[in-house]
Amino acid sequence: MGGGRRPPARRIPGRDPMINFALDDRMEALREFLHAFAADELRPRARAADLAGTVEPEVIARLGEMAGDRAAIVPPLRSDEGLDGGPRSDGMVAVVGGEELAWGDAAMILNIPGPGLAGPSISSTGTPDQHRRFLSEIFDGQGPRFGALAVTEAQAGSDVSNLRTTAVRDGDEWVLNGTKVFCTNGARADVLVVNATVEPGAGRAGQKLFVVLKGTPGLAVGRIEHKLGLTASETAELVFDGCRIPFDHIVGGEEALRPASGFKATLRAFDASRPGVAAMAIGIGRAAFEYVADWSRTEIPRHSRRR
Ligand SMILES: Cc1cc2nc3c(=O)[nH]c(=O)nc-3n(C[C@H](O)[C@H](O)[C@H](O)COP(=O)(O)OP(=O)(O)OC[C@H]3O[C@@H](n4cnc5c(N)ncnc54)[C@H](O)[C@@H]3O)c2cc1C
């Protein structure tokens, strides 16, 4: 396999590009670090995990230790500054990191402990208190913890407005009923962000996000999917049957209940998480391209000589 090193984006002298794709020094250093991590730590473990259809708990714990349980990249809430006081760059971290780590192995990256898609869902819309309780305090670097996002249903994939999972208020609680499918790390998740409607029939306007913590009565794990690819990544069905959660687990708090806020939390969750997912696809594509290019360089001349 090739080294996967990319030349930096080229600037044409005398021309001021409308969009500058060059990474700054900080981001370039991060990219190099993650590239080395992907090459040295993810790839060597990927084949065994793929064949086994799972990643050993010891390997997960080790990946968590090495990645600092990804708590370090949970972005600060509605802040204009990054964690170290520099410019806010969490979106870039997700994109640059997603591409480099998926270049290593896409299933392995999904086994690195951390908030996963629950992270951007809470940090983009949650209250400061929710950010603290559901992200900072749980993903505290003290051991492998996972987060997951549960949006998709059997009849609601691309068409999210068609979801049927309901959240009904009962005093100081919400009661969730419905079945979610294809949840990455759903079975092992310590923190789940679940999309449900508080007003069936209202379409997207009735949809809100809710946090469900592991072990909540009424939450059960259904089928774990057997997939053609990404076999080492857990993809779970989750069943909510009279699952009661505290009222303040609605992401965004009381504000989320205002009619105008409608579908915004879900869209923000997508806005914050999908670029990273798309970057993973680019990383997978890059790795496939390099593999074929390397293969062609060695194999095509060999076959040509035989003729
Ligand atoms: C490995 C994996 C991990 C996942 N992880 C998660 C997760 O963590 N949480 C979660 O909530 N979901 C997750 N998903 C679900 C994923 O978000 C859905 O698969 C996705 O939204 C598409 O939904 P669908 O599979 O029902 O396909 P469909 O929506 O049925 O689409 C099938 C095909 O039809 C096309 N199509 C759909 N609508 C239209 C249209 N109007 N016009 C033209 N073409 C259309 C689509 O492009 C696609 O090619 C995961 C899926 C996979 C495969």
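The values are calculated or read from the model by the stated rules, or taken from the named source; none is laboratory data. In this text the structure is predicted, and so the values were computed from the model without any measurement. Every residue, glycine among them, receives a Cβ derived from its backbone with ideal geometry; neighbour counts consider all protein chains shown. Surface accessibility is based on the protein's heavy atoms, side chains included, excluding ligands, DNA and RNA. Shrake-Rupley method; radii C 1.70, N 1.55, O 1.52, S 1.80 Å.
Annotations
- Taking a straight Cα-Cα cut-off under 16 Å and skipping sequence neighbours fewer than 8 places away in the same chain, the lysines within cross-link reach of Lys180 are Lys208, Lys214.
- With all protein chains modelled, accessible area of Ser158 [1.4 Å, Å²]: 130
- Environment charge at Val181 (Cβ cut-off 11 Å; Lys +1, Arg +1, Asp -1, Glu -1): -1
- In the complete set of protein chains, residue-level accessible area for Val198 is approximately 50 Å², probe 1.4 angstrom.
- Counted over the chain, the DSSP beta bridges are approximately 85% antiparallel.
- Taking a Cβ cut-off of under 10 Å around Pro246, the surrounding Lys, Arg, Asp and Glu residues balance to a net charge of -2, with basic ones at +1 and acidic ones at -1.
- Reach of Lys227 by Cα under 12 Å, taken over aspartates and glutamates that are not fewer than 8 positions away in the same chain: Asp50
- Lys227, Lys180, reordered so the largest accessible area comes first (probe 1.4 Å): Lys227, Lys180
- Built amide H within the under 5 Å cut-off of Gly114, gap 5+: Arg145, Phe146, Gly147
- Nitroxide proxy distance, nm - points 7 Å out along Cα→Cβ at Phe33 and Asp248: 3.4
- For Gly206, the shell of other residues with beta-carbons less than 12 Å away shows a net charge of +2, using +1 for Lys and Arg and -1 for Asp and Glu.
- Whole-Hz ³J(HN,Hα) from phi, Karplus 6.51 cos²θ - 1.76 cosθ + 1.60, for the stretch 289-303, glycine and proline x: 4, 4, 4, 5, 4, 5, 4, 5, 4, 8, 7, 5, x, 4, 5
- For Leu230, solvent-accessible area (1.4 Å; no DNA, RNA or ligand), Å²: 80
- For the stretch 25-306, diffusion coefficient by Stokes-Einstein and Kirkwood Rh (Cα), 10 °C, 1.306 mPa s, µm²/s: 81
- Heavy-atom accessible area per residue - the stretch 25-306, 1.4 Å, Å²: 48
- Solvent-accessible surface of protein heavy atoms, probed at 1.4 angstrom with all chains present, puts Asp248, Asp190 in the order Asp248, Asp190, largest first.
- In sequence order, the stretch 138-155 has phi-based couplings of 8, 8, 9, x, 8, x, x, 10, 10, x, 8, 10, 10, 10, 5, 10, 3, 9 Hz under the Karplus curve 6.51 cos²θ - 1.76 cosθ + 1.60, θ = phi - 60°, and Gly or Pro positions carry x.
- Dipole moment magnitude, nearest 20 debye, the chain about Cα centre, only Lys, Arg, Asp, Glu C-beta charged: 1280
- Distance between the stretch 229-307 and the stretch 93-111 - C-alpha centres, whole angstrom: 10
- Principal-axis tilt of helix 90-104 within the chain, Cα atoms, nearest 10 degrees: 50
- The stretch 107-184 - Kirkwood radius from inverse mean 1/r over Cα pairs (Å): 14.4
- Ligands, DNA and RNA left out, the 1.4 Å accessible surface of the chain is 57% carbon and sulfur atoms.
- Distant-in-sequence amide H partners of Ala150 (H built 1.01 Å from N, under 5 Å): Val193, Val194, Asn195
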